[in-house]
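Just so it is clear, none of the values below were taken in a lab; they were calculated from the coordinates. All values derive from a computational prediction rather than experimental measurement. Quick reminder, even Gly has a Cβ in these numbers, built from the backbone with ideal geometry, and neighbours come from all protein chains shown.
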Protein chains: 2
Amino acid sequence: MKIAIAGSGALGCGFGYLMHKAGNEVTLIDQWPAHIDAINSKGLTVDFNGEKGTEMIPAVYPEDVKGEFDLVFTFTKSMQLASMLEKIQPILGEDTKVVCLLNGLGHRQTLMQYVKEENILMGTTVWTAGIDAPGEVHFMGKGPVELQNIHPSGEAAAKEVVALLTDAKLNGVYSDNVLFSIWRKACVNGTLNVLCSILDCNIEEFSKTENSREMMTAIIEEFSLAAKTEGVELDVTETVDYLVEVNKTVGPHYPSMHQDLIQNKRPTEVDYLNGAVAKMAEEHNFEAPTCQIITDLIHAKEDLFGIKR
Amino acid sequence: MKIAIAGSGALGCGFGYLMHKAGNEVTLIDQWPAHIDAINSKGLTVDFNGEKGTEMIPAVYPEDVKGEFDLVFTFTKSMQLASMLEKIQPILGEDTKVVCLLNGLGHRQTLMQYVKEENILMGTTVWTAGIDAPGEVHFMGKGPVELQNIHPSGEAAAKEVVALLTDAKLNGVYSDNVLFSIWRKACVNGTLNVLCSILDCNIEEFSKTENSREMMTAIIEEFSLAAKTEGVELDVTETVDYLVEVNKTVGPHYPSMHQDLIQNKRPTEVDYLNGAVAKMAEEHNFEAPTCQIITDLIHAKEDLFGIKR
């Protein structure tokens, strides 16, 4: 299978590496010159659950990628998805399937501006990864990768990709309700990520504050109204119970938005979480004031740190 | 005039000092042993706009104060107002007027549980003060002290206190709409104080963040609904314009809540600002989700700092 990884950061490299190892023809697309040069000259080195390996995989800029592909995985940052899709239009053929495993909300709508609905496969993943140096990443976990077509006619293709992922040790799972999974994950990130970032604390510390449950409930009530506009039912109490359980199991871990904002002074993805809900509220005529002020506070933090967005 | 200062911190001492100098019989009531001992042994030393002086004024614990007073000024922290009024019940006679110049909301309601409405005088002040050592404070500004009766029959008494304040160089002003002034001041504290505390920045830095106006507007919209339940009209746009002007004139100053919470790790008065509005929303059946999450975030910060409340 001819596969492009559109956005070859840590996670994209992990996926590309394993699919290449499994015998697929993979092309890594990225914008970071040092990373592209390193991969093309020395290969892509991946520490996969502690086991290091190197694969020779071509790496190119989005503007330079040629030919048609069977399958494209988008692994950009949320804010770069649209511009990446814009740039790689030439490689998207009549039957090219595009898989999006990004965290956050609104990506399906973005994809639909560039890709036929029949070719869009949405999913979630719990793999984690990090970049150690240009051309070198670590990739951890055991999956799963949940995946589903968003148009009924895409079911066979989705199941084919699930099989391909499983062949590549990426633990593909066909999902009956991937939109629910996406919203469920957004609920985690739209509470723990943003609140720990505003409060500058880890998840365990947050979960011990007296009103943590009330704060999560206020946010999830608005997420639930937004999910309903996409036909997804989120039970508020059940979701908050689930978040409390997540809190308990995760412990003294700083969520990724805290790492982006506080530790690395990078722009956050809040516009694809609480910000997306606030925007949906305007479009669909419900109220989401909590998500709005949360989004504004995160952006204010970005401004105070001098982070450009 | 026989006057008690109920809560003789920096501001209470400043007021007590000037009224004593003007010939009134003043008693300072406080709970801090070192402060009481210092005042009783060495007198109260006040640096009033750069000019130092010492007055011999008796200082006592709330439980020990004897006799009836003509006038009581409450200068406690917001959260201590009720317990102070409880303790000084014996000194509140049939005609004792009680003046409350505290920042924040809900104090009138607290006073009405302990003091006849006819005897309550509400006000605002822009004097500032700080404690330098037990028995020693500095007191700055030139006023004014706005004051008004909350019951029509209290007008003569209010004007008498205004005259007394002016005699004592405290620049008393009889207000036609003191509730408006109180809400106006609460709007300043309920936006700049809380947002600078959550964001850990000064007022100038806050005012430069891109969505500062939107954040203030979201809060003031809820304050406006709450004010309406007390018969006070707050025009949202005009109020936010005023706040933007305040931002411009104040500059790189950390508001008092930032000093309490971030710098000194003390409990904040958020329950008497945004928290009061959120509580009024429940009682009066309007929505105040922004004030609620803001209050929860401030309390979460208190919890994270290990501040007891």
(message) Output needed: percent of Cα pairs per 5 Å distance bin for the range B:131-237, bins running from 0 to the one holding the longest distance.
(response) 2, 10, 15, 14, 15, 16, 14, 9, 4, 1
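Run through the DSSP bridge list for chain A and note the antiparallel percent, rounded to the nearest 5.
Working: 15 of 40 bridges.
Looking only at bridges with both residues in chain A, the antiparallel portion is about 40 percent.
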(request) Please count, across the range A:29-137, the pairs of lysine residues with Cα atoms under 25 Å apart that sit 8 or more places apart or on different chains. (result) 12
(request) Compute the relative contact order of the range A:2-176 as a whole-number percentage, counting only Cα pairs closer than 8 Å that sit 6 or more residues apart in sequence. (result) 23 percent
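Given a Förster radius of 30 Å and the C-beta distance between A:Gln263 and B:Gln113 as r, what FRET efficiency does 1/(1 + (r/R0)^6) yield to the nearest 0.05? Mind showing how you got there, number by number?
On the way: r = 49 Å, r/R0 = 1.63.
Approximately 0.05, to the nearest 0.05.
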(request) Quick one: work out the % antiparallel among DSSP beta bridges in the range B:2-176, nearest 5. (result) 40 percent
(request) State the Cα centre-to-centre distance between the range B:35-72 and the range A:1-40 in whole Å. (result) 76 Å
(message) If you take each beta carbon of peptide A:209-216 and count the beta carbons of other chains within 10 angstrom, what is the mean?
(response) 5
(request) Write down the percent of antiparallel bridges among all DSSP beta bridges whose residues are both part of the protein assembly as shown, to the nearest 5. (result) 40 percent
(request) Quick one: which residues, 5 or more positions from A:Leu105 or on another chain, have an amide H under 5 Å from its amide H? H modelled 1.01 Å from N in the peptide plane, none for Pro or chain starts. (result) A:Leu273
(request) Report Rg(Cα)/(2.2 N^0.38 Å) for chain B, keeping two decimals. (result) 0.98
(request) Quantify how strongly other chains surround peptide A:276-289 by giving the mean number of their Cβ atoms within 10 Å of each of its Cβ atoms. (result) 1
(request) Report, in cubic angstrom per residue, the convex hull volume of the C-alpha atoms of the protein assembly as shown. (result) 164 Å³
(message) Under 10 Å, Cα contacts only: if you run a Gaussian network model on chain B, which one of B:Pro144, B:Pro90, B:Pro255 comes out with the highest mean-square fluctuation?
(response) B:Pro90
(request) Provide a whole-number value for the mean count of partner chain Cβ atoms within 10 Å of the Cβ atoms in peptide B:217-229. (result) 1
(request) Report, in whole Å, the centroid distance computed from the Cα atoms of the range B:253-294 and the range A:125-177. (result) 45 Å
(message) For the range B:10-140, take every pair of Cα atoms, bin their distances at 5 Å starting from 0, and report each bin as a whole percent.
(response) 2, 10, 21, 23, 22, 15, 6, 1
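With a ≥ b ≥ c the root eigenvalues of the C-alpha gyration tensor of the range A:179-305, is it rounded (a/c under 1.5), prolate (a/b larger than b/c) or oblate?
Values: a/c = 1.85, a/b = 1.19, b/c = 1.55.
Oblate shape, in that a/c is at least 1.5 and b/c is the bigger or equal ratio.
What does the extension gain come out to for A:Leu304 and A:Ala133, with contour length at 0.36 nm per residue minus their alpha carbon separation? All intermediate terms of the calculation are to be shown ahead of the outcome.
Values: separation 171, 0.36 × 171 = 61.56 nm, distance 2.88 nm.
Between A:Leu304 and A:Ala133, full extension yields 58.7 nm more.
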(message) Using a Gaussian network model on chain A with a 10 Å cutoff between Cα atoms, which of A:Glu204, A:Glu283, A:Glu68 fluctuates the most?
(response) A:Glu283
(request) Give me the compactness ratio for the range A:202-271, meaning the Cα radius of gyration over 2.2 N^0.38 Å. (result) 1.24
(message) Mean-square fluctuation check for chain A, GNM, Cα pairs under 10 Å: which of A:Ala186, A:Ala163, A:Ala226 is largest?
(response) A:Ala163
(request) With runs of 4+ DSSP H residues as the only contributors, calculate the mean residue ellipticity of chain B at 222 nm using -39,500 (n - 2.57) per run, divided by the residue total and rounded to the nearest 500. (result) -12500 deg cm²/dmol
